[in-house]
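Notes to accompany the following structure.
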Amino acid sequence: MKVEIDSFSGYRIYPSKGKLFVRGDSKVFRFAGSKNASLFLQRKNPRKIAWTQVYRRMHKKGITEEVAKKRSRKTVKHQRGIVGADLAAIAAKRNQTAAVRAQQRLAAISKAKSEKKDKEVKKEKAKPATRTATTAPKVSKQQMKGGKGGR
């Protein structure tokens, strides 16, 4: 005994029951009764009609066997070192007090300032030796390029 499925509602259709509808493109639709055929021909959406199997499947109705939900694993936080510092260095920085951090910052700033001063002093010493005295008149970049000088 071959049992067909209703194209609209999803109900079973037993032999010698129901209607058969063949569309112009030769697609066959089977209906358990005139109600399903009528709703199909009105172009009703079976997903929006509460008693159809499609609706029930979509809205998870009448599932007798409760499927065990997939357990999502709790994320475990691991601490590891990064390129610039290993784990011990990171832990040491985290445990520092604000006063120590401020002191280190001041030391770093004063070191950077002294290095900058040294650089400037070296620059000053190097400048007079490399520079030659030029008595040529000052010429702007525009004039050097051969501009007409605003004419």
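The values are calculated or read from the model by the stated rules, or taken from the named source; none is laboratory data. Everything numeric here is computed off the predicted structure, so don't read it as measured data. Here Cβ is always computed from backbone atoms with ideal geometry, including for glycine, and neighbour counts include all displayed protein chains. Remember, those area values only see protein heavy atoms, side chains included, never the ligands or the DNA or RNA. Shrake-Rupley method; radii C 1.70, N 1.55, O 1.52, S 1.80 Å.
Counting only helices (runs of 4 or more DSSP H) that sit completely within region 56-151, those holding 3 or more residues that are modelled with pLDDT of 85 or more correspond to 87-94, 98-130. When residue 38 is tested against (1) surrounded by 10 or more Cβ atoms within 10 Å (Cβ to Cβ); (2) assigned to a loop (DSSP other than H, G, I, E, B); (3) at negative phi, only condition (2) is not met.
Within region 1-26, residues that are more than 16 Å from residue 38 (Cα to Cα) have Cβ atoms under 9 Å from residues that are open to solvent by 60 Å² or more (accessible area, probe 1.4 Å) and β-branched (Val, Ile, Thr) in these pairs: 12/5; 13/5, counting only partners at least 6 apart in sequence or on another chain.
One line per residue, one yes/no per condition, for (1) of a type in the set (D, E, K, R); (2) in contact with a helix residue (DSSP H, G or I) (Cβ under 7 Å, 6 or more places away or on another chain); (3) surrounded by 10 or more Cβ atoms within 10 Å (Cβ to Cβ):
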position	(1), (2), (3)
81	no, yes, yes
101	yes, no, yes
119	yes, no, yes
124	yes, no, no
135	no, no, no
143	no, no, yes
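A Cβ distance below 8 Å, combined with a sequence gap of six or more or placement on separate chains, defines the contacts here; from region 47-76, residues that are closer than 24 Å to residue 31 by Cα reach residues that are of a type in the set (Val, Ile, Thr) and modelled with pLDDT of 85 or more in the pairs 47/54; 55/49.
Please go through region 55-72 and give me each residue that is exposed (fewer than 10 other Cβ atoms within 10 Å of the Cβ) and not polar (S, T, N, Q), ordered by number. Within region 55-72, 60, 62, 63, 65, 66, 67, 68, 69, 70, 71 qualify. Filtering 52, 97, 75 for residues that are open to solvent by less than 60 Å² (accessible area, probe 1.4 Å) and on the phi < 0 side of the Ramachandran plot leaves a single hit, 52.
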